[in-house]
1. So, B:LEU615, is that one crowded, with 23+ Cβ neighbours inside 10 Å and either within 21 Å of B:VAL599 (Cβ to Cβ) or not assigned by TED's automatic domain parsing to the domain that holds B:GLU741 (or both) or not?
2. How many of the residues making up the range B:496-511 are buried (at least 22 other Cβ atoms within 10 Å of the Cβ) and within 14 Å of chain A (Cβ to nearest Cβ)?
3. Could you tell me which numbered condition B:GLY602 fails, if it satisfies all but one of (1) modelled with pLDDT of 95 or more; (2) closer than 23 Å to B:GLY709 by Cβ?
4. Between B:LEU474, B:LEU443, which is aliphatic (A, V, I, L, M), surrounded by 20 or more Cβ atoms within 10 Å (Cβ to Cβ) and without any contact (Cβ under 8 Å) to a residue 40 or more places away in the chain?
5. With respect to A:LYS52, is the statement that it is within 27 Å of B:GLY523 (Cα to Cα), basic (Lys, Arg) and away from chain B (no Cβ under 12 Å) true?
6. Starting from residues that are assigned to a strand (DSSP E or B) and facing chain B (nearest Cβ under 10 Å), keep the ones in the range A:68-103 and report whichever is nearest to B:CYS489 (Cα to Cα).
7. Hey, could you check the range B:537-563 for residues that are among the acidic types (Asp, Glu) and within 12 Å of chain A (Cβ to nearest Cβ) and say which is nearest to B:ASP614 (Cα to Cα)?
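The values are calculated or read from the model by the stated rules, or taken from the named source; none is laboratory data. Quick caveat, the model's predicted, so the values are computed rather than measured. Neighbour counts are summed over all protein chains in view; Cβ atoms, including those assigned to glycine, are modelled from backbone coordinates with ideal geometry.
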Amino acid sequence: MENVLSYYPAGTLEDYGAQMGRVVHIGELELAVFHTSTGEMYALDNRSPHPKGGPLAEGIISGHFVYDPLYDWKIDLKEGQVQSPDHGQVRTYPVLVEDGTVKIGIPSESVHTGGSR
Amino acid sequence: MKADREKLVVIGNGMAGISTVEQILKLSGSYDITVFGSEPHPNYNRIMLSYVLDGSKTIEDIILNDLTWYEEHGIKLYTDTTVARIDSMAKQVITEDGASVPYDKVIIATGSNPLMLPVPGCDKQGVVGFRKIEDCSNMMEAAKRYGKAAVIGGGLLGLEAAKGLVSLGMDVTVVHLMEDLMERQLDHQAASMLKAELERQGIRFAMGKQTEELLGQERVEGLRFTDGTELSCDFVVMAAGIKPNIGVAKASGIAVHKGIIVDDYMRTSMHHVYAVGECTEHRGVCYGLVAPLFEQGNVLAKHVCGVHTQPYEGSVVSTKLKISGVDVFSAGEFIEGPAHTVIASQNDWKRTYKKILLRDGKITGAVLFGDVSEAAPLQKMVKEHTEMTDEIYGEVMGGGHCGSGGAARKVLSVESMAGEEIVCGCNGVTKQMIVDAITEQGLKTVDEIKASTGATRSCGGCKPVVEQILQYVLGDEFQTAAKQGICGCTSLSRDEIVAEIRAKGLKTTREVMHVLGWSQPEGCSKCRPALNYYLGMIDPAEHEDEKASRFVNERLHANIQKDGTYTVVPRMYGGVTTPEDLKRIADVSLKYDVKVVKVTGGQRLDLIGVKKEDLPKIWEELDMPSGYAYAKSLRTVKTCVGSQFCRFGTQDSMAMGALLERKFERLDFPAKFKMAVNGCPRNCAESCTKDIGIVGNDGGWEIFIGGNGGIKPRIADSFCKIKTDLELIDICSALIQFYRETGKYLERTSEWVERMGLETIRSAVLDNETQRKELIERVEFALLQVEDPWKKVLEQPGTRRMLYEQV
């Protein structure tokens, strides 16, 4: 299947505190969007790959890693890779910042916006 | 995927098959792997099923390899799929539904099945084995609907099943053919002590009984024994033993006896087909425990990857019973014969028993009951038939040897351990894997080894051995390595960090990590909150609290729940509320559709299941102060009714409790902090389990410190007696500040008191009046800086939007 990305606006850079995460909804997707201390932005599914799940947005951020707030799994924000000794991967989405506006790239087939059904 | 990779098919998705696959993956990438499992689950830790049954672990907790693991390693997994046979002519594995998969090599790891006694009625409803997750679910379901269970079999599995059913509330009788429990692992003495202990825990026993028939219509209603007696029950667990699952091998024409016959490299009689684990029979022995399957898997993995390996020559098995509060261990020979020299000691008061058997002066067997701290070294000595010496005797029998000599010997025994020997039985980690992790990755602590290899991760029983390996590999470095480092990011201790912050005037966590050379520049979830606390404790006025270094609960001022919702606990000073406040709590709970209103252990109300974005609205409408139920801070001051109403009351505990709670609330502590005030020595508010417990008497108060009712319970120590309310408040102030200034982050007072010593604390707080005054001044200064966090959020729309609302 073609992997066409559509970029959706998700607020401005000022909406994101440094070393913090926030929840963003795009269609039916719930994303955790993180702003690192060096100014990079990352977007991931807001769901821990831990068997018990739970959100990621409220974790403690260190460099380009987040420590999941419920089970303390260390997850790389770049690829969504869970660090050893735990296993798993969170889906990630590209983020663009244009003129201060944050935009998140979502593959077309994974978004069902409210009106489309 | 490369076309030239050899195809490896693994029949069986349990611990034996998958641990072998893990070994193979470590050694070689040359196999294209397919795994078939009859159960619908990924690989789980079968030996922990009894924990699932007694409720201390969930099914998710015992999953060893989740589905992502299979994906990441490119393994094709067919769950719910049973293999029928192997066609060696076509080189294909055929499933029961007729599908076929080609192979170059096959590993059979089909494990074993519970032995269902072939007596009339064994096919009735309500009769199960204890082997799979499904059996566990059946047993948990049965416990909800039925009251009386019989477990047939008083071995390891039967006793674990029985204990599980007792914790689920059933009336359980264990039926055993022999006169002794676990007669294949224990001698008569240990078995009787075990039986007595389990009876205390609520299990009944019917010993020396052979089941002749299962009674009842559709569903089982009872058992009849060969002596004519009957036992009524509405649920039966068959745990009389296991038999190797040899179906596939038999149908494929592979040589079988009791199990699938394998040689010293785990080869079956069919070319290119191997077997591992409980389904095998090696040199006439079928094993039913976990350690041999790891040992077999190691040899097999090396063999199929073309790595040189010693042949598998059989295992010395040892047993540990997984029932909380019952420690039993046995290894090697356990019943004495004429050729044995017996060393035994029995202590009926401590309920411990220890027996070691020697043959020609060499250790060949051991049984421990009650105290199994020597299990690991004994297991090794039994395996190696170590010669008994005075030194070993002193060590294992607790003779008068000094500690250092013993420690040195332990290190020696680790040194002589073979690299392939399994150290962590739950996760199949060998000594060599640990040594490699230490030398190649420069690891210095057990925690780092746990993170890298998984050793000590599940039951933790192997921690002492891992420590010894660490000590052996690091040598002199170990001493320094062991005592330091508040986390993996630094080698500095709490005291060193606090001293550096003071000396260098460091202001932010970032500065601390940079100046003190953190290995991870922005720290981790362990050190960042700790540093933020130390900075605030040292300079309460200037330190700017770092939200990004606070754990979610303290950042959002609410407790996160597993589904991502939160809880709200407003203050009820001293556990006293008013009808007006209750009405407001009720109204708000209804309006925001709070899922549960729970009365907490700290005498207040918890509104559970609140959405993050609703938190500020609820706080606003409650208009009550935060109860800090989420914080490393003063939680509650529990009180009894006291002299205002109680006929026994000698002091006004409600008023004093409320006063102390108002005074010390909102202050950051190293860990959560709980207090209690009682109006008389009847101690209805349970001072003995609080960080500071206060008991009123006719002439004043008595203060207790260091109590804890949680994970490591500890009864509080009596600290001092005083006469006036003012003295009481002063001493509490000084105590609290001394703890704040000397406690390690997350260290409760129960640990702090033991580390510092009661006398050190007394001399700082009681004996030295100047020091007490200074401590009081500093805590008063810190208290000037605090404010209610809920109000603060409501006053700052920016913070509110950033922390609580979606973008």
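1. So B:LEU615 fits the description; yes.
2. 1
3. In the conditions (1) modelled with pLDDT of 95 or more; (2) closer than 23 Å to B:GLY709 by Cβ, B:GLY602 misses (1) alone.
4. Values: B:LEU474 fails: surrounded by 20 or more Cβ atoms within 10 Å (Cβ to Cβ).
Exactly one residue qualifies, and that residue is B:LEU443.
5. no
6. A:LYS74
7. Filtering the range B:537-563 down to residues among the acidic types (Asp, Glu) leaves B:539, B:542, B:544-546, B:554, B:563.
From what is left, the residues that are within 12 Å of chain A (Cβ to nearest Cβ) are B:546, B:554, B:563.
On the way: B:GLU546: 23, B:GLU554: 17, B:ASP563: 15 Å.
So, considering only residues that are among the acidic types (Asp, Glu) and within 12 Å of chain A (Cβ to nearest Cβ), the one nearest to B:ASP614 (Cα to Cα) is B:ASP563.
Quick grid of which residues meet (1) in contact (Cβ under 8 Å) with a residue 40 or more places away in the chain; (2) of a type outside the set (A, V, I, L, M); (3) more than 27 Å from B:CYS524 (Cα to Cα); (4) buried (at least 16 other Cβ atoms within 10 Å of the Cβ):
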site: A:THR12; (1), (2), (3), (4): yes, yes, yes, no
site: A:GLY17; (1), (2), (3), (4): no, yes, no, no
site: A:ALA32; (1), (2), (3), (4): no, no, no, yes
site: A:HIS35; (1), (2), (3), (4): no, yes, no, yes
site: A:ARG47; (1), (2), (3), (4): yes, yes, no, yes
site: A:VAL66; (1), (2), (3), (4): yes, no, no, yes
site: A:ILE75; (1), (2), (3), (4): no, no, no, yes
site: A:GLN81; (1), (2), (3), (4): no, yes, no, yes
site: A:THR92; (1), (2), (3), (4): yes, yes, no, yes
